[in-house]
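The values are calculated or read from the model by the stated rules, or taken from the named source; none is laboratory data. As the structure is a prediction and not an experimental result, all values here were calculated from the model. Note: ideal-geometry Cβ built from the backbone for every residue, glycine included; neighbour counts use all protein chains shown.
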Amino acid sequence: MRADDDIDDDLDDSSGDWPEEAGAEPSDDDDSSSGSDDEGEFALPTHVFFENEALIRALNDPRRGENDPELAKRLFAALLASTLIALVPEEQRLGEGDPDKTGEVTLDGELELSFVLVRHPDVEGDIVPMFTDEGSLGTFLPEGGRYVALSVKDLFPLLGSGSDGPPNIVINPGGDEALLLTPRMVQDLIDSARGYGTELIDEGVEVIVGPAETGLPEDAERAVTTLLREHEVVTQCTQLQWFMPDRHDQPSLVLAVELDEALAGDTRRFALASIWRDLSPVLRTLDRQVEMVDLAGQRERLEPTVRTIEPFYRRAE
């Protein structure tokens with residue numbers, strides 16, 4: 001990675017933390033972010049990836065400065081569906097053979113990317129600048145630069161989450177509607193992109209499910225219970241175990257969480273990512289593998305066992 005010049009423009013992080021309460025599904029309607037009366041307040045830049053229109057409209061919504069939770073939900077959903085441009089060092093190899101190879105690159109799980117980093121006096125830590133379109137890139141870097149354009153679901157996980165966590169990201173720096181994503185927000189998006197708690201296991205995989213032979217230690221169970229209370233969408237959580245001979249050396253402890261049935265789509269994935277983010281510091285201190293699973297995504301496999309076990313957490317009515 002390399003450091004580039006400082007960002008000179010002000011950064012807008014007024015959208016704050018992502019809202020964690022249950023809510024309606026974000027709308028993809030063109031007018032959902034600012035209403036039909038605002039149609040003429042800004043013009044979409046040219047050469048926009050078609051999937052980025054909802055994000056650009058949300059970034060230009062006049063309510064950005066009001067910390068509107070509904071707008072934050074739309075931003076989150078639009079970000080997950082968008083394709084962003086990220087600057088890479090000139091020496092970055094993008095394909096086999098010619099180091100200057102350009103065009104489409106297939107991600108095969110082995111591609112490692114380095115990103116251009118910048119600094120800003122008001123932001124702690126490194127910043128990765130990203131852009132919704134080439135026009136926004138040109139505003140920030142008139143002379144142009146080498147870049148990759150990837151979907152957020154592919155791009156953000158490449159940032160990694162080492163001991164210091166992911167970096168800050170600024171979308172469209174240099175523009176009037178620049179958006180700062182803090183490391184916590186970036187991690188939320190990475191977790192949602194990875195589908196924590198929602199990944200379906202292929203039917204052909206052997207899974208042996210049963211009651212947990214050894215559950216959470218008492219102090220860890222108390223800590224997890226306290227954290228689950230902070231997520232009102234969780235109705236209950238049950239401990240069990242599963243063992244996949246092809247994947248596991250020993251059974252994994254599973255926390256089967258149940259959420260409000262009304263939650264769906266990106267709202268549900270975000271809720272699961274937020275829960276996992278809060279629980280993982282506790283679970284990672286244990287000397288065994290602990291997984292969190294959305295019961296709704298594994299109902300056929302897990303529910304017969306879950307219903308024979310008393311949940312260790314139930315939401316207060």
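Worth pointing out:
- Set VAL290, VAL205: member being in contact (Cβ under 8 Å) with a residue 24 or more places away in the chain and under 30 Å from PRO166 (Cα atoms): VAL290
- Residue satisfying all of: in segment 290-317; under 18 Å from GLU261 (Cβ atoms) and of a type in the set (Asp, Glu); farthest from the chain's Cα centre (by Cα) among these: GLU317
- Residue match in segment 300-315 (condition: over 28 Å from ALA78 (Cα atoms) and in contact with a Pro (Cβ under 6 Å, 6 or more places away or on another chain)): yes
- Qualifying residues in segment 125-163 (those that are loosely packed, with under 15 Cβ neighbours inside 10 Å and without any contact (Cβ under 8 Å) to a residue 12 or more places away in the chain) - the one nearest to LEU180 (Cα to Cα): GLY160
- Qualifying residues in segment 206-265 (those that are exposed (fewer than 15 other Cβ atoms within 10 Å of the Cβ), among the hydrophobic types (A, V, I, L, M, F, W, C) and under 15 Å from ALA296 (Cα atoms)) - the one nearest to the chain's Cα centre (by Cα): ALA264
- Selection status of ARG268, of a type in the set (Lys, Arg) and buried (at least 19 other Cβ atoms within 10 Å of the Cβ): yes
- Residue check: PRO245 meets all listed conditions (1) modelled with pLDDT under 90; (2) closer than 20 Å to LEU216 by Cα but one, namely (2).
- Residue tally, condition crowded, with 18+ Cβ neighbours inside 10 Å, modelled with pLDDT of 80 or more and in a helix (DSSP H, G or I), over segment 57-74: 3
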